[in-house]
Amino acid sequence: MKEIKKVDMRSVVVLFTVIYGVIGSIGGLLLGASIIIPEVIAGEILKGILLGMLGLVAITGMYMVLGAIGAVCLVFIYNTIAKKFGGIKFQLTDVTKEEEEQVIQEN
């Protein structure tokens, strides 16, 4: 059995920041569209585009910051608990060449 005794803070924060940035950009696109469309209908095209872009950037940035903060909290909690009680245990097995090729062909 192997055990994860400590998780690297930087790698998890980078990963969470990217993932939450993607999620935030989807939300930002939806918010931006909901701002742009009424403004364009009202004849305020430039105002709508600027506000829509601001919404996209703001939501994406907010999600990235919150994702990074969440990652820091989770890694700190995991590392503290793993140090005191032990980390997640798992078992690794070797894969034969045939099994590896089969997985590659399936994907």
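Here, each number is a calculation from the coordinates, and none is a lab measurement. These figures come from a predicted structure and were not determined experimentally. Heads up, the Cβs are rebuilt from the backbone with ideal geometry, glycines too, and the neighbour counts pull from every protein chain shown.
Using the Cβ-Cβ distance between Val103 and Met62 with R0 set to 41 Å, the FRET efficiency works out to roughly 0.60. Dipole of the chain (Lys/Arg Cβ +1, Asp/Glu Cβ -1, origin at the Cα centre): which of Thr80, Val14, Ala42 lies farthest to the positive side? The listed residue farthest towards the positive side: Thr80. The candidate values were (i) 9.8; (ii) 10.6; (iii) 6.5; the one computed from these coordinates for mean projected area of the Cα convex hull in nm² carries the label (ii).
Residue by residue, the stretch 85-98 carries 3J(HN,Hα) couplings of 10, x, x, 5, 9, 8, 10, 9, 10, 6, 10, 6, 4, 5 Hz when phi is fed to the Karplus relation 6.51 cos²θ - 1.76 cosθ + 1.60 (θ = phi - 60°); x denotes Gly or Pro. Evaluated over the chain, the count of Lys pairs having alpha-carbon atoms less than 28 Å apart is 11 (only pairs 8 or more residues apart or interchain). Applying 1/(1 + (r/R0)^6) with R0 = 41 Å to the Cβ-Cβ distance of Ile88 and Leu30 gives a FRET efficiency near 0.70. Remark: spin-label model distance Leu15-Thr80 equals 2.1 nm, labels positioned 7 Å along the Cα→Cβ axis.
A straight chain from Leu54 to Asp8 at 0.36 nm per residue would run longer than the Cα-Cα distance by 13.2 nm. Result for the chain in a Gaussian network model with C-alpha springs under 10 Å: among Lys47, Lys83, Lys97, the largest mean-square fluctuation is at Lys97.
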